[in-house]
Amino acid sequence: MKSRMSITILLVISGLVCIPLATPGPAQAGAPTELVMVDSQSGANFQAYWQKYVIPAVKQSLGVNLKYLVSSDAEQIQKVKAWKPGLGDAHILFPKSIASWVKSGVPLETLNTSNIPNSAKIDPQYLKTDEGVELQSKAVLYWRTSYALIYNSQYIKNPPKSWKEFYNRRAEFKDHIGLIRPDAKSSAAWRQRLTFLHGFLREKMAMPMAQLEKDPAFQDAWNKLKDFTKYAKAPLPAEPPNLFEDFNAGETWIALYAQDYSLWSARQGTMPPTIKAVYPEEGADEIGTGYLAVFDNIPPEYKEVALKVVNYLLSDDQQIRLLTTMWQYPGTDITDQAPAIAWEMVPKLDVLTKTAIPRERIQKDIIDYIKGHAKELLP
Amino acid sequence: MTAFWRRHSTGLITFLLLLPALAGFFGLFFYPMFLTVILSFRPEGQTVGWTLENYTMFLSDPDGRWVIYLTFILALGCTAFSVLLSVPLSLILREKVRGHRFYRLMVLIPLVVPGLIGALGLLLFWGSRGWFNLFLTQLVPFVQRPVRMNYTLHGLILFYVWLYFPYTCVTTLSTLESLDQSIEEAGAVSGANRWQVLRHIVLPLITPGILAGSVLTFMAAFGAFSVPLIAGGDYRPLAVEIYKQIAVPIPARWSAASAIAIIMGLLQVAFLVLYMRFVRRTGGAGGGGQ
């Protein structure tokens, strides 16, 4: 009996001793050296890029170890809402939709040239709004990405030059058009539809959704989109890896997709080497955006380091690396510093911006409308 | 104090030793489950108020009901084929054929490969330019066109079987190996041929193992997520439907997702109860077949 009692007491004491040891202690004196970065924006290519290039560079240059966490906006917004003031345990945010974050009312730190000096090199229009939502200085632009009609030149010798032409020639590509499921997690799910609609609606896309929905031109474009869906390769790919596999299998010949990801995938061997891109002439490609933000509800000493890290990520060295390593356009205006070889792979940004959908026509309301009506867009 | 300790020591010690496990169980299972139940009755996006709308919306929607049927079709199909595959495979492996250790290891491979990786591998293998179709179209006469497996219902069931049949196979094999072979010998001595021994002696005796394994396969298949997400095409069962409610709309539809999760949990429990009753009736659980 005595030995059982001793063992029990020993177990309880061990537990009591171990609990405080396992609990994180108070912040040590000096600046924190470990931050958590939440990424809901990057695809597989950039998840690898962060871990292979960016995080080691941050460690080397700033002595900060970035704990990289892949998440989703919805999940993370829910978590952040539960934080007690000043006790947030994630620090830097790279969201899929900064507009959703700002609209959700989750507190984000105000970013400007005084705390992020490198943000002075960002075109102010990108700092003002995204997806039609006022950003209220809550984020800085990290990258711009280009979407294009990616096609397999093995099957398509004369690709369509615009969405209208693509729609008119849809029978030619029947069962070989790559449309990601409209209820997929990937942003390509709504981007593909949004750019299609823009091809027919142009400046009308800047109208408020409630008004646009009633417009006969919108109804016509929406019906065209539904009809176009019937010509897509069925079943629609669930996520981008399925789209790539369909390209590899020769079942999909053409799709609107991110240029950088497609080039990266071709290099990795997950897309056919005969892949080429075309930029529809009617403004049917889109400049996608990726923003960085810093959570407000975190300890001040962490916030200070987080701001330094964000500023570092906007440094010329890091921004040029985006282009030279990943063919992704930088968020800051430093394209004149990029090596000429970069432009052999991708067109210069000013070439793209001429044909890009004007930013005021990419409204969050339209994106939500597409997501909300996903069922109608399944063949 | 000493008298108190003497009287209650066993109970206290048991309680103290169980405390970490109980705390873990309540913290990791009951509390999240309780929150999910509460959330499923909240109006979408609200923290107060009660509604049944999340349940009625899903259950009254024909698509919602189809998702439930589909989940059962996939889980039952997978379970049936797993049993059909596991029994002969176990009988072969029991004979300790040449390389049987390697084959036993291979049976376990699907359990250690992450579902997502497995799904992508299967898509590549069964794709129109995958090895399976290359073999068919290039080496088998009369096969001109690739056989369509990816994104079809039968293909998805096949993928499920690959991923979840080891549960059935392992339990069937272990039951088979624990079987006293002298019983089979007695049957043979009494004049039964191999088929009769199998039909009237071996199969009834290993039924408890098959049933126990098949229930594990069914449960795993019912909750499958990665495989139907990546390889399901238009066939998206309950787990994917729950994920869709959270991952696609912003703000996420947490209440709708919670309601579907509760429906899924209740269906699983209901099926499990019926299944266990069936197992008991057939004498499986108690080994009554012996």
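Remarks
- Per-residue HN-Hα couplings for region B:163-178 [Karplus 6.51, -1.76, 1.60; θ = phi - 60°; Hz; x = Gly/Pro]: 7, 10, 5, x, 4, 6, 5, 5, 5, 5, 5, 5, 5, 5, 6, 8
- When DSSP beta bridges are restricted to pairs lying wholly in chain A, around 65% turn out antiparallel.
- Taking the C-alpha atoms only, the angle from helix A:188-201 to the longest principal axis of chain A is near 40 degrees.
- If you run the Gaussian network model on chain B, springs between alpha carbon atoms under 10 Å, then out of B:LEU59, B:LEU173, B:LEU139 the most flexible one is B:LEU139.
- Across the options A:HIS373, A:GLY331, A:LEU349, the greatest Cα extent toward the positive end of the charge dipole of region A:309-379 (unit charges at beta carbon of Lys, Arg, Asp, Glu) belongs to A:HIS373.
- C-alpha long axis of helix A:2-22 to longest principal axis of chain A, angle in °: 50 degrees
- On association of chains B and A, roughly 2700 Å² of accessible area becomes buried (total for both chains; probe 1.4 Å).
- Counting charges near B:VAL227 (Lys, Arg +1; Asp, Glu -1) among other residues having Cβ under 15 Å from its Cβ returns a value of -3.
- The value obtained for chain A, namely the Cα convex hull volume divided by the number of residues, is 183 Å³ per residue.
- Global form of region B:61-288, assessed from the alpha-carbon gyration tensor, a/c cut-off 1.5: oblate
- B:GLU241 sits among other residues whose Cβ lies under 14 Å from its own Cβ, and their net charge, with Lys and Arg +1 and Asp and Glu -1, is +3.
- Residue-by-residue Karplus 3J(HN,Hα) for region A:311-325, coefficients 6.51, -1.76, 1.60, Hz, glycine and proline x: 4, 5, 5, 9, 5, 4, 4, 5, 5, 5, 4, 4, 6, 6, 9
- Remark: for residue pairs A:LYS52/A:LYS185; A:LYS52/A:LYS204; A:LYS303/A:LYS354; A:LYS161/A:LYS230, the C-alpha separation exceeds 32 Å in A:LYS52/A:LYS204; A:LYS303/A:LYS354.
- The chymotrypsin sites (Phe, Trp or Tyr not before Pro) found in region B:1-89 that occupy coil by DSSP, while having at most 13 further C-beta atoms within 10 Å, are B:TRP50.
- Counting only protein heavy atoms and a probe of 1.4 Å, the accessible surface of region B:61-288 is 68% carbon and sulfur.
- Listing of region B:128-155 residues, each with accessible area lower by at least 10 Å² in the full protein assembly than in the chain alone (probe 1.4 Å): B:SER128, B:ARG129, B:ARG148, B:TYR151
- In the context of the full set of protein chains, residues of region B:61-288 present 51 Å² of accessible surface per residue (probe radius 1.4 Å, heavy atoms only).
- GNM top mover of B:SER60, B:SER128, B:SER214 - chain B, alpha-carbon springs below 10 Å: B:SER60
- Surrounding net charge for A:ALA31, when Lys and Arg each add one and Asp and Glu each subtract one, Cβ distance under 12 Å: -1
- Shielding by partners for peptide B:225-238, expressed as the average number of C-beta atoms from other protein chains within 10 Å of each residue's C-beta, is 3.
- Region B:135-177: chymotrypsin sites (Phe, Trp or Tyr not before Pro) in DSSP loop, at most 15 other beta carbons within 10 Å: B:PHE142
- Karplus (6.51, -1.76, 1.60) ³J(HN,Hα), θ = phi - 60°, over region A:79-92, in Hz, Gly and Pro reported as x: 5, 5, 4, 8, 5, 7, x, x, 10, x, 10, 10, 10, 10
- When the listed pairs A:LYS214/B:LYS244; A:LYS276/A:LYS371; A:LYS96/A:LYS214; A:LYS103/A:LYS128; A:LYS138/A:LYS364 are checked against a 25 Å cut-off, the alpha-carbon distance exceeds it for A:LYS214/B:LYS244; A:LYS276/A:LYS371; A:LYS96/A:LYS214.
- Here is the list for region A:300-360: trypsin sites (Lys or Arg not before Pro) lying in DSSP coil, each with at most 15 other C-beta atoms within 10 angstrom of its C-beta, are A:LYS348.
- Taking amide H as placed 1.01 Å from N in the peptide plane, the amide H of A:ILE122 sits under 5 Å from that of A:ASP333, each at least 5 places away or on another chain.
- Carbon/sulfur fraction of accessible area - chain A, other protein chains in place, 1.4 Å, %: 55 percent
The values are calculated or read from the model by the stated rules, or taken from the named source; none is laboratory data. Computed from a prediction, not measured in an experiment: that's the story for all the values here. For neighbour counting, all protein chains shown are included, and Cβ atoms are generated from backbone atoms with ideal geometry for every residue, glycine included. All accessible areas refer to the heavy atoms of the entire protein, side chains included, with ligands and DNA or RNA removed. Shrake-Rupley method; radii C 1.70, N 1.55, O 1.52, S 1.80 Å.
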